[in-house]
Amino acid sequence: MIKRQTFFLVLVASLGYLVDIYDLILFSVVRVPSLRGIGLTDQDLLDKGVLLLNLQMTGMLLGGVAFGVLGDKFGRVSVLFGSILTYSVANLANAFVHDIHTYALLRLIAGFGLAGELGAGITLVAETLPKEKRGIGTTIVASVGMIGALMAWGVAKTFDWRTAFIVGGVMGLALLLLRMGVFESGMFKNVCEKGVRRGEFFMLFNSRSRMRRFFGSVMMGVPLWFMVGVMITLSPEFAQVLNVQGLVEGGTSVFYCYSGLVFGDMCSGLLSQYLRSRKKSIAFSLILFAIGMAYFFLRRGESVGEFYALCFFLGFSCGYWAMFATVAAEQFGTNMRATVATCTPNFVRGSLVPVSAAFMALKSDLGILNSGMVIGACVMTLGFLGLYMIDESYGKSMEFEER
């Protein structure tokens, strides 16, 4: 029987991740109207949009390291407070920008703050729930969190882009009240009492085993963010080249993609419980995504409805984010778990910077479609290789330390 305090922890972690995803995805939804709103012309929408997205992801990469180390040194709960306060204030300020330079700075700061939410939440839930149920708990967190993307689309459709940023900031600040009732991980307290070395980022690289597990965890998540950051965010541009019959809106593509991600996350989590294997569940998702990506790039002349249905399928096939985050947390000992669980998803998000840079570099010579196919093949190779490199962690005890 799960205690009331544990249920409350899962609830708060889920709602926190919902706000995190809302703020993370909001820029992809309001990219075009917000850039037009500060005076940019159509020819700048793609280049400046990619620049701002890359700055947000760079902030997450830096924040992932900072908040991860802090989570292992001072506790998971303190990271939750610092993370949500940072990105909430940044998103409130984002509602009042009038130039591209301020917009860019605030996306960098917001990205830094967004980095701490998922890792700290997943670590707390994974360390608190029984090992047989932690996959279900982390699946609930990720699935509820993905609903934030649907909220971002709905709010942006109902209100203007400035109001949408205000809503995200206010929701985040309101969540700080709920955070008051969250308790610290018992495993973390035990490690503190033992005096074990904690939160040392470079310990990841002084052992072959740790390097393999860490880089494998990162690599298997790269396909998901290629799908979200390139294929879906730039779906209006892809739709033109693919001769889609009608007008495709980026925000609507995000809506259908994340609708699929919600269901995909739930199915992936339940499948891992049924198969008693994290790796088999993730392998199934990667195979589905490879099929969906091939269809995306090779199909021509679809209707808008068919294109949005494909966005839903792509989201469903990449719905292994919960399993990905859970596996990263399960791979490492308590004295490094927050560092890894926070760094790994943000290194994956940060991978969008070189991936999108390579995509843009190839686009000038190969065109947007061929560039997408080449980069897509590369990230799929990374995903399967990363899955091969990690250890199976279903049912693994988490009460151990890295030495």
| request: Sort out which residues of the range 1-13 are surrounded by fewer than 21 Cβ atoms within 10 Å (Cβ to Cβ) and either within 22 Å of Ala152 (Cα to Cα) or at pLDDT 85 or above (or both), and write them in order of number. | output: Leu11
| request: Of the conditions (1) open to solvent by less than 30 Å² (accessible area, probe 1.4 Å); (2) under 20 Å from Val12 (Cα atoms); (3) modelled with pLDDT of 90 or more, Val97 clears all except one; give me its number. | output: (2)
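Kindly indicate whether Arg198 is under 24 Å from Asn335 (Cβ atoms), over 21 Å from the mean Cα position of the chain (by Cα) and crowded, with 18+ Cβ neighbours inside 10 Å. So that I can check it myself, show each step before the final result.
Details: under 24 Å from Asn335 (Cβ atoms): yes; over 21 Å from the mean Cα position of the chain (by Cα): yes; crowded, with 18+ Cβ neighbours inside 10 Å: yes.
Answer is yes for this residue.
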| task | Return yes or no: is Thr86 under 30 Å from Lys189 (Cβ atoms), part of a helix (DSSP H, G or I), open to solvent by 10 Å² or more (accessible area, probe 1.4 Å) and of a type in the set (Ser, Thr, Tyr)? | result | yes
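Out of everything in the range 244-269 that is under 20 Å from the mean Cα position of the chain (by Cα) and aliphatic (A, V, I, L, M), what residue ends up being farthest from Arg31 (Cα to Cα)?
So in the range 244-269, the residues under 20 Å from the mean Cα position of the chain (by Cα) come out as 250-269.
Okay, now just the ones that are also aliphatic (A, V, I, L, M), so 254, 261-262, 266.
On the way: Val254: 12, Leu261: 21, Val262: 23, Met266: 29 Å.
The extreme case among them is Met266.
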| field | Which listed residue, of Leu242, Leu204, is surrounded by 18 or more Cβ atoms within 10 Å (Cβ to Cβ), of a type outside the set (S, T, N, Q) and farther than 23 Å from Phe74 by Cα | value | Leu242
| What single numbered condition from (1) aromatic (Phe, Trp, Tyr); (2) open to solvent by 10 Å² or more (accessible area, probe 1.4 Å); (3) touching a Leu at 6+ places or on another chain (Cβ under 8 Å); (4) farther than 19 Å from Leu175 by Cα fails to hold for Phe112? | (4)
| task | State all residues of the range 33-63 that are in contact with a Phe, Trp or Tyr (Cβ under 6 Å, 6 or more places away or on another chain) and buried (at least 18 other Cβ atoms within 10 Å of the Cβ); if no residue qualifies, say none. | result | Ser34, Gly59, Gly63
| task | Please determine, by comparing only the residues of the range 138-195 that are over 24 Å from the mean Cα position of the chain (by Cα) and among the β-branched types (Val, Ile, Thr), which one is most open to solvent (accessible area, probe 1.4 Å). | result | Thr158
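A quick yes/no check of all residues on (1) modelled with pLDDT of 90 or more; (2) over 30 Å from Val69 (Cα atoms); (3) crowded, with 17+ Cβ neighbours inside 10 Å:
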{"position": "Cys267", "(1), (2), (3)": "no, yes, yes"}
{"position": "Ser272", "(1), (2), (3)": "no, no, yes"}
{"position": "Lys280", "(1), (2), (3)": "yes, yes, no"}
{"position": "Arg300", "(1), (2), (3)": "no, yes, no"}
{"position": "Glu306", "(1), (2), (3)": "yes, yes, no"}
{"position": "Leu310", "(1), (2), (3)": "yes, yes, yes"}
{"position": "Phe313", "(1), (2), (3)": "yes, yes, yes"}
| field | Any hit, the range 66-82, residues being in contact (Cβ under 8 Å) with a residue 60 or more places away in the chain and of a type in the set (S, T, N, Q) | value | no
| Single residue of Arg403, Arg349, Arg337 found to be more than 16 Å from Phe289 (Cβ to Cβ) and either open to solvent by 10 Å² or more (accessible area, probe 1.4 Å) or at pLDDT 90 or above (or both) | Arg403
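Hey, does the range 358-375 have a residue that's open to solvent by less than 20 Å² (accessible area, probe 1.4 Å), in contact (Cβ under 8 Å) with a residue 40 or more places away in the chain and of a type in the set (S, T, N, Q)? Step through it out loud before you land on a result.
As a first pass, look at the range 358-375 and keep what is open to solvent by less than 20 Å² (accessible area, probe 1.4 Å): 359, 369, 371-372, 375.
If we keep only those that are in contact (Cβ under 8 Å) with a residue 40 or more places away in the chain too, we end up with 359, 369, 372, 375.
Applying the additional criterion that residues be of a type in the set (S, T, N, Q) yields none.
Within the range 358-375, none of the residues are open to solvent by less than 20 Å² (accessible area, probe 1.4 Å), in contact (Cβ under 8 Å) with a residue 40 or more places away in the chain and of a type in the set (S, T, N, Q).
The values are calculated or read from the model by the stated rules, or taken from the named source; none is laboratory data. Owing to the predicted nature of the structure, the values given are computational and were not obtained by experimental measurement. For neighbour counting, all protein chains shown are included, and Cβ atoms are generated from backbone atoms with ideal geometry for every residue, glycine included. The accessibility values were calculated without ligands, DNA or RNA, using every heavy atom of the protein model including side chains. Shrake-Rupley method; radii C 1.70, N 1.55, O 1.52, S 1.80 Å.
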